[in-house]
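The values are calculated or read from the model by the stated rules, or taken from the named source; none is laboratory data. Just so it is clear, the model here is predicted, and its values are computed rather than measured. So basically every Cβ, Gly included, is an ideal-geometry build from the backbone, and we count neighbours across all protein chains shown. Just the protein is used for accessible areas: all its heavy atoms, side chains included, with ligands, DNA and RNA removed. Shrake-Rupley method; radii C 1.70, N 1.55, O 1.52, S 1.80 Å.
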Amino acid sequence: MDQIKVRGGIKLNGIIEVSGSKNASLPIIIASLLTERKVTVRKVPDLADVRTILELLTFFGSEIKLTSGVNGKVLEINNTNITINKAPYELVRKMRASVLVLGALLARYGKASVSLPGGCAIGTRPIDIHLNGLESLGASISLEDGYVNAEAKKGLIGSEINLPKVSVGATENLMMAATLAKGKTVLFNCAKEPEISELGKFLNTMGAKILGLGTDKITIYGVDELGETDFTVANDRIETGTYAIAAAITGGVIKLQGAQTNQLFSVFDILSKTGVSIVEDGDAIIVSREGDIIPFDIATQPYPGFPTDMQAQIMALLSLANGSSIITENIFENRFMHIPELVRMGANITQEGPTAIIKGVKKLKGAPVMATDLRASVSLVLAGLAAQGETVISRIYHLDRGYEDLVQKLTNCGADIDRITGF
Ligand code: EPZ
C-alpha cells in the first residue's frame with residue numbers, strides 16, 4: 001500500500017485548479033442507465049470512486065469511453081447492451097454509492113438486485129429510506145443472501161413520499177426512479193445538497209420533468225423514455241473547501257481556480273470567523289491567513305448548513321487555534337476517527353459522543369499516522385502541512401477515492417510532499 005510523506009512548516013503559495021465534483025459525478029454516471037441513448041459527461045474527476053462505478057456499469061454491459069479533454073476527462077457511455085441488472089457485493093462494498101443503481105435499473109428494467117452495501121468506517125449507513133421509498137413507488141423489495149431484490153412488474157407508479165430523514169442518496173435514488181414512473185411523484189423533506197440539483201439538471205437535459213431542485217420538495221412527472229445528453233459536471237465544493245483550509249493552516253496564499261463559491265457559504269462564513277481571508281477574483285477565490293486562528297464552535301448539518309464532509313478538515317485547522325472549539329457531528333455516528341491520529345501529532349482533542357472538544361495548541365509535530373476514511377485522511381495531510389517535521393500517512397487508498405492529483409496540486413503550491421509506493 002502507498003504512503004504519503006509530508007514535511008511541514010511551509011507556507012503554501014500558488015494556484016490550484018478545482019476538479020469536477022465526485023459526489024455529482026457518481027449519481028450522474030449511474031443515471032445514464034436510465035437511457036439506451038448516448039450520454040456524454042465532461043469534467044469527470046479521475047478518482048478511484050469514479051473508476052469503481054464505471055467498473056460496475058461495464059459489468060452490467062455498458063460501453064464506456066474515457067478520454068482526456070481540454071477541461072478534464074470526457075466520458076462517453078452507451079447503455080444499449082445492458083445484459084445484467086445485478087450489482088455484486090465485491091463491487092458494491094468498494095463504494096456505497098453503488099446502491100444508487102437500484103432506482104435506475106428498477107425504473108428501466110422493472111427488476112434489479114443490488115448487494116447490501118454494508119457499513120463503512122463512518123457509520124452503519126442503512127438504506128431503509130431508499131427501500132421504503134421504492135416500495136412507495138410500487139416496487140416489491142425482498143432481502144436474501146445479502147442482496148436487495150427489487151421488482152416492479154407493471155413498472156413504477158408515481159407517488160407522494162415523505163422522507164423520514166434528510167438523505168442525499170435516498171433523494172437521488174428516488175428522483176432517478178421517478179423519472180420513468182407512470183404519473184407524478186412528489187418527494188417531501190428532500191436533501192438540498194448541490195449534487196442533487198446537478199443530478200436533476202442532468203436528468204432534465206435527458207428529457208426528464210423535474211421541478212423544485214434545490215428545495216426540500218421535488219416534483220417529478222414521469223416520462224416514457226429519456227434521451228441522449230452532453231453534460232459538464234460542476235466543480236467539487238468539498239475539494240474547494242479542503243484546499244482553502246490548506247492555505248489557512250499553513251498561513252499561505254492559494255488561488256483556487258474554478259472555486260464553487262456559491263455552494264460554500266456556510267464553510268466560508270465559518271472560515272472567515274476563524275480569521276481566514278477569502279477574496280473573490282472572477283471564477284476564482286484567493287484564500288490566505290495572516291493572524292491567529294480564532295477558535296469557533298461548529299455543528300454539521302444538511303445543506304446549506306456546515307457540511308459533514310468538511311468536518312475533519314476544519315478540525316485540523318482548529319487544532320492550532322488560540323483557544324478551544326467544539327465540533328458536533330450530527331450526520332454520521334462515527335465520523336471522528338481522525339481524532340486519535342491528530343492527537344498523535346500533538347493535537348489536544350477529546351471526544352464526548354457526537355461532540356469533539358478541540359483545545360488549540362501552538363504547534364503540531366509530524367508523526368506516522370493512518371488514514372481511516374476519505375475526509376479523515378485529507379485532514380491528516382492538512383495537519384502534516386502545518387506540523388513541524390515529517391508526517392507519514394499510510395492507507396492513502398482512502399485519499400485516492402476523492403482527491404484528484406492531490407500530491408501534484410500541493411507540490412505546485414510549494415508543499416514538500418511525496419507519494420511513496422509499494423509498502
Ligand atoms: C452522501 O452520502 C455523500 N456521498 C457523503 O459524502 C456525505 O457525507 C453525505 O451524503 C451527507 O452529506 C455521496 O454523495 C456519494 P445520507 P449518503 O443518505 O447519501 C442516514 C464523502 O466524503 N440514512 O445523506 O450516504 C445515514 O446513516 C461522502 O464524499 C439512513 O438512516 O448520506 C446518515 O446518518 C461521505 N437511512 C444520514 O442519513 C437511509 O436510507 C445522512 O446520510 C439513508 C441514510
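Worth a mention:
- Angle of helix 168-178 to the longest C-alpha principal axis of the chain, folded into 0 to 90 degrees and rounded to 10: 20°.
- For the pair GLU228 and SER140, the difference between a 0.36 nm per residue extended length and the Cα-Cα distance amounts to 28.7 nm.
- Between 0 and 90°, nearest 10: helix 194-205 axis offset from the chain longest Cα axis: 30
- Using the Cβ-Cβ distance between ILE420 and THR58 with R0 = 30 Å, the FRET efficiency computed as 1/(1 + (r/R0)^6) comes to roughly 0.45.
- Percent of C-alpha pairs per 10 Å bin in region 22-232, short distances first: 9, 39, 40, 12, 0.
- Pairwise FRET efficiency - SER68 versus SER277, Cβ, R0 = 30 Å, nearest 0.05: 0.30
- Two-site label geometry, THR205 and GLN351: point separation in nm, points 7 Å out along Cα→Cβ: 4.0
- Straight-distance candidates among the lysines for linking to LYS165, with alpha-carbon spacing under 24 Å and chain neighbours fewer than 8 residues away dropped: LYS22, LYS184, LYS192, LYS201, LYS217.
- Taking the C-alpha atoms of the chain, convex hull volume expressed per residue in Å³: 127
- In the complete set of protein chains, residue-level accessible area for TYR403 is approximately 10 Å², probe 1.4 angstrom.
- The sum of -39500 (n - 2.57) across all DSSP H runs of n ≥ 4, divided by the residue count of the chain, sets its helix-only mean residue ellipticity at 222 nm to -8500 deg cm²/dmol.
- Taking a straight line from the alpha carbon of LYS11, these lysines sit under 19 Å away, with near neighbours fewer than eight places off in the same chain left out: LYS255, LYS362, LYS363, LYS365, LYS409.
- Over 31 Å between alpha carbons, listed pairs LYS65/LYS94; LYS5/LYS43; LYS73/LYS359: LYS73/LYS359
- Of interest is the spacing of the C-alpha centroids, which for region 115-170 and region 262-296 amounts to 39 Å.
- Stretching ASP269 away from GLU76 to a fully extended chain increases their span by 65.7 nm, per 0.36 nm per residue minus the current alpha-carbon distance.
- Projected area, mean over directions - region 1-114, Cα convex hull, nm²: 9.0
- The charge dipole of region 22-232, taken about its Cα centre with unit charges on the Cβ of Lys, Arg, Asp and Glu (plus for the first two, minus for the last two), comes to roughly 180 debye.
- Charging the Cβ of each Asp and Glu at -1 and of each Lys and Arg at +1, and nothing else, the dipole of the chain about its Cα centre rounds to 220 debye.
- Solvent-accessible surface (1.4 Å probe) assigned to PHE188 amounts to roughly 70 Å².
- Percent of Cα-Cα distances greater than 22 Å, calculated over region 144-291: 53
- Candidates GLY305, GLY251, GLY353, ranked by Gaussian network fluctuation over the chain, Cα under 10 Å, top entry: GLY353
- Residue ranking by accessible heavy-atom surface, 1.4 Å probe, largest first, among ARG375, ARG125 comes out as ARG125, ARG375.
- Helix 22-31 and the longest principal axis of the C-alpha atoms of the chain enclose an angle of approximately 10°.
- Only protein heavy atoms count here; on that basis, with a 1.4 Å probe, GLU160 has an accessible area of about 130 Å².
- Highest mobility in the GNM of the chain, judged by mean-square fluctuation with C-alpha springs under 10 Å and restricted to ILE314, ILE29, ILE161, is found for ILE161.
- Whether region 233-323 is rounded, prolate or oblate, judged on the alpha carbon gyration tensor where a/c under 1.5 counts as rounded: oblate
- Full extension of the chain segment joining ASN13 with PHE188 gains 58.5 nm, where the gain is 0.36 nm per residue of separation less the Cα-Cα distance.
- Region 331-385 and region 221-245: distance between their alpha carbon centers, rounded to Å: 30
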